[in-house]
Amino acid sequence: MITSNLSITLNKVSSLKLKFWRMIRVITDIRLTIILLLVIALFSISGTLIEQEKSLEFYQKTYPHSPALFGFLTWNLILEIGLNHVYSTWWFLFLLVLFSTSLILCTFTRQWSALKAANKWNFYKKPYQLQKLALSSELKIEKIIPIVNILKGKKYKVFQENNTIYARKGIFGKVGPIIVHFGILIILCGSVIGSLTGFLEQRMVPSKSEFKVNSNLNLGPFSTSEISRDWKVRVNRFWIDYNSKGTVDQFYSNLSIINDEGKELKKETIYVNKPLHYNGVTIYQTNWGISSVQIQIDDGNIFQLPMVSLENDDQFKIWGTWIPLKSDLSEGISLIAKDLQGTMIIYDQEGNLYSAIRTGMPLTINGAQLKIHKLIGSTGLQIKADPGVPVVYMGFGLLMLGVIMSYVSHSQVWVLQINKTCLIGGKTNRSQIAFEKELKDIIDSLECLK
């Protein structure tokens, strides 16, 4: 009975081992790795094309049910799958883990084994072993000592055993693919760290206003909202430079980092591709808008009205507001602006075009004198913290180093001395023509010594 139970247990263990190694073979299959890489690339592209971390209203407006984008992509499908935050979804992280596992196993079962095999002394002791090489020759030489000196002169590492020689160089070429794999893994780790521990916020901030960075963040699962408890951002000034055609050339924000007592900790002007860095947080200039307008009617006080972005069929943005002309709000006009250059359009209460107006220019309408004092811009800022960025940079550095090393040719030369006959042959994994020339130079040098 004991023997029978032991036999059953061993059979189960053997079956589990067999299943385990079958699973390992599937995971290390290069075809699976390529498929996973393509799937990850596809969803990464979708995360670039589909706006990330926007409001529900944005997705309902941009991706309606009718007409659906591509016939099937609607806002509820995007939210259900998680395409509105691709890089932090559980399934995208699972794909990264599965791809990383496949890459690690492939590295140790294939690349590491190839490196160990290349690092071994591999002597050829039979004539047919050299004769089957694509590059081989036969010489009449009594001693092989001159060959050793010539190979060393060509930067080969030479190993000798009795009447045989094995020489190699360019072993770094075999290390390169392993470093490439580790570089990719480190990049993936950095991306995961950024998704899990970083945060992202996008907001429109009027000029001359302040805000706390941690007031409304899209936090990663393991990030902390305490990062800016003791400081905030003040927009000192926002302005736009226009080109000769009247279109936007560049827009700028002068920002100050201040503490709770109002003391300035850092001040810098940012623009597109020139962000501000402070305390692990990066603030990018991404957009602009018109937040409000300052108006005076007759000789009354100057008051400020908010402006809102209006939908239109043209390519440019427009903002508008309604201006009351009477205190009981029974009568008013509409003001439309498309930039901060100062030219605006007035529509009367019936929606008819009334006149154009510029800042500082008085306009009489329905017995009231209207004067626009100032258009106040708002800056579109993206506030981001990504602790994984240094890790990603390190991964890219290793990746580039590994790619460069992979171009180093791993060349091998074998020599076999039989009586007064010397057989010499070699092979390389790349730069075949250069290696043929080098081997020919070695043979020519030996011919001269005869």
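The values are calculated or read from the model by the stated rules, or taken from the named source; none is laboratory data. Just so it is clear, the model here is predicted, and its values are computed rather than measured. Here the Cβ positions follow ideal geometry from the backbone for every residue, glycine too, while neighbour counts run over all protein chains shown.
Yes/no per residue for (1) aromatic (Phe, Trp, Tyr); (2) surrounded by fewer than 18 Cβ atoms within 10 Å (Cβ to Cβ):
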position	(1), (2)
Ile258	no, yes
Leu265	no, yes
Pro275	no, no
Gln294	no, yes
Asp299	no, yes
Val308	no, yes
Phe316	yes, yes
Ser327	no, yes
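List pairs: first residue in the stretch 353-370 and without any contact (Cβ under 8 Å) to a residue 60 or more places away in the chain, second residue of a type outside the set (Val, Ile, Thr) and not in a strand (DSSP E or B) anywhere in the structure, Cβ distance under 7 angstrom, at least six positions apart or on different chains.
Final answer for the pair search is Tyr354/Asp348; Arg358/Gly342; Thr359/Gly342; Asn366/Leu325; Asn366/Glu331.
Can you say whether Glu201 is part of a strand (DSSP E or B), of a type in the set (Asp, Glu) and surrounded by 20 or more Cβ atoms within 10 Å (Cβ to Cβ), as far as the supplied structure shows?
Answer is yes for this residue.
Can you confirm whether Ile45 is under 16 Å from the mean Cα position of the chain (by Cα) and part of a helix (DSSP H, G or I)?
Yes.
Provide a single number: the residues in the stretch 65-84 that are in contact with a helix residue (DSSP H, G or I) (Cβ under 7 Å, 6 or more places away or on another chain) and surrounded by fewer than 10 Cβ atoms within 10 Å (Cβ to Cβ).
Of the residues in that region, 0 qualify.
If you check Val403 against the conditions, is it outside any helix (DSSP H, G or I), outside the structural domain of Ala337 (by TED's automatic domain parsing) and touching a residue at least 60 places away in the same chain (Cβ under 8 Å)? Write out each step before concluding.
Values: outside any helix (DSSP H, G or I): no; outside the structural domain of Ala337 (by TED's automatic domain parsing): yes; touching a residue at least 60 places away in the same chain (Cβ under 8 Å): yes.
The answer is no for Val403.
For the stretch 400-424, which positions are within 19 Å of Ile145 (Cβ to Cβ), surrounded by 16 or more Cβ atoms within 10 Å (Cβ to Cβ) and not aliphatic (A, V, I, L, M)? Before the answer, list the steps.
Initially, the stretch 400-424 is screened for residues within 19 Å of Ile145 (Cβ to Cβ), giving 413-424.
Subset that is surrounded by 16 or more Cβ atoms within 10 Å (Cβ to Cβ): 413-417, 422-424.
Hits for the stretch 400-424 are Trp414, Gln417, Cys422.
Any residue at all in the stretch 137-155 that is buried (at least 18 other Cβ atoms within 10 Å of the Cβ) and within 42 Å of the chain's Cα centre (by Cα)?
No, every residue in the stretch 137-155 fails to be buried (at least 18 other Cβ atoms within 10 Å of the Cβ) and within 42 Å of the chain's Cα centre (by Cα).
So which strands (runs of 3 or more DSSP E) are wholly in the stretch 70-172 and hold at least 1 residues that are in the same structural domain as Ile443 (by TED's automatic domain parsing), among the hydrophobic types (A, V, I, L, M, F, W, C) and without any contact (Cβ under 8 Å) to a residue 12 or more places away in the chain? Spell out the reasoning first.
Details: elements: 135-140, 157-161, 164-169.
Passing ranges, in order: 157-161.
Would you please name the residue that is modelled with the lowest pLDDT, looking only at residues in the stretch 40-52 that are of a type outside the set (Ser, Thr, Tyr) and out of contact with any Leu (no Cβ under 6 Å at 6 or more places or on another chain)?
By that ranking, first place goes to Gln52.
For the stretch 352-367, what are the residues that are touching a strand residue (DSSP E or B) at 6+ places or on another chain (Cβ under 9 Å), at pLDDT 85 or above and not basic (Lys, Arg)? Before you say what the answer is, go through the steps one by one.
Of all residues in the stretch 352-367, those touching a strand residue (DSSP E or B) at 6+ places or on another chain (Cβ under 9 Å) come to 353-366.
If we keep only those that are at pLDDT 85 or above too, we end up with 353-365.
Within the stretch 352-367, Leu353, Tyr354, Ser355, Ala356, Ile357, Thr359, Gly360, Met361, Pro362, Leu363, Thr364, Ile365 qualify.
Scan the stretch 254-265 and give yes if some residue there is under 28 Å from Ile318 (Cα atoms) and in a strand (DSSP E or B), otherwise no. Explain how you work it out, then say what you get.
Here is the first cut: in the stretch 254-265, the residues under 28 Å from Ile318 (Cα atoms) are 254-255.
This time we only want the ones that are in a strand (DSSP E or B), so: 254-255.
There is at least one residue in the stretch 254-265 that is under 28 Å from Ile318 (Cα atoms) and in a strand (DSSP E or B).
With respect to Gly198, is the statement that it is modelled with pLDDT under 85 and out of contact with any helix residue (DSSP H, G or I) (no Cβ under 7 Å at 6 or more places or on another chain) true?
When the stated conditions are applied, Gly198 passes them.
Please specify each residue of the stretch 281-334 satisfying the condition of being closer than 23 Å to Tyr252 by Cα and of a type in the set (Val, Ile, Thr).
Correct list: Val281, Thr282, Ile283, Thr286, Ile290, Val293, Val308, Ile318.
For the structure I just gave you, tell me whether Ile372 is touching a Phe, Trp or Tyr at 6+ places or on another chain (Cβ under 9 Å), of a type in the set (A, V, I, L, M, F, W, C) and part of a strand (DSSP E or B).
So Ile372 fails the test.
Going through Ser253, Ser215, Ser207, Ser223 one at a time, which residue ends up being modelled with pLDDT under 85 and surrounded by 17 or more Cβ atoms within 10 Å (Cβ to Cβ)?
Ser223
Checking Glu436 against (1) touching a strand residue (DSSP E or B) at 6+ places or on another chain (Cβ under 7 Å); (2) crowded, with 19+ Cβ neighbours inside 10 Å, which test does it fail?
Answer for Glu436: the failing condition is (2).
Could you tell me how many of the residues in the stretch 161-170 are surrounded by fewer than 17 Cβ atoms within 10 Å (Cβ to Cβ) and in contact with a helix residue (DSSP H, G or I) (Cβ under 7 Å, 6 or more places away or on another chain)?
0
When the residues of the stretch 139-155 are filtered to those that are modelled with pLDDT of 85 or more and touching a helix residue (DSSP H, G or I) at 6+ places or on another chain (Cβ under 9 Å), which remaining residue is nearest to Lys437 (Cα to Cα)?
Lys154
Regarding the stretch 357-370, can at least one residue be identified that is of a type in the set (D, E, K, R), more than 15 Å from Gln304 (Cα to Cα) and surrounded by fewer than 16 Cβ atoms within 10 Å (Cβ to Cβ)?
There is at least one residue in the stretch 357-370 that is of a type in the set (D, E, K, R), more than 15 Å from Gln304 (Cα to Cα) and surrounded by fewer than 16 Cβ atoms within 10 Å (Cβ to Cβ).
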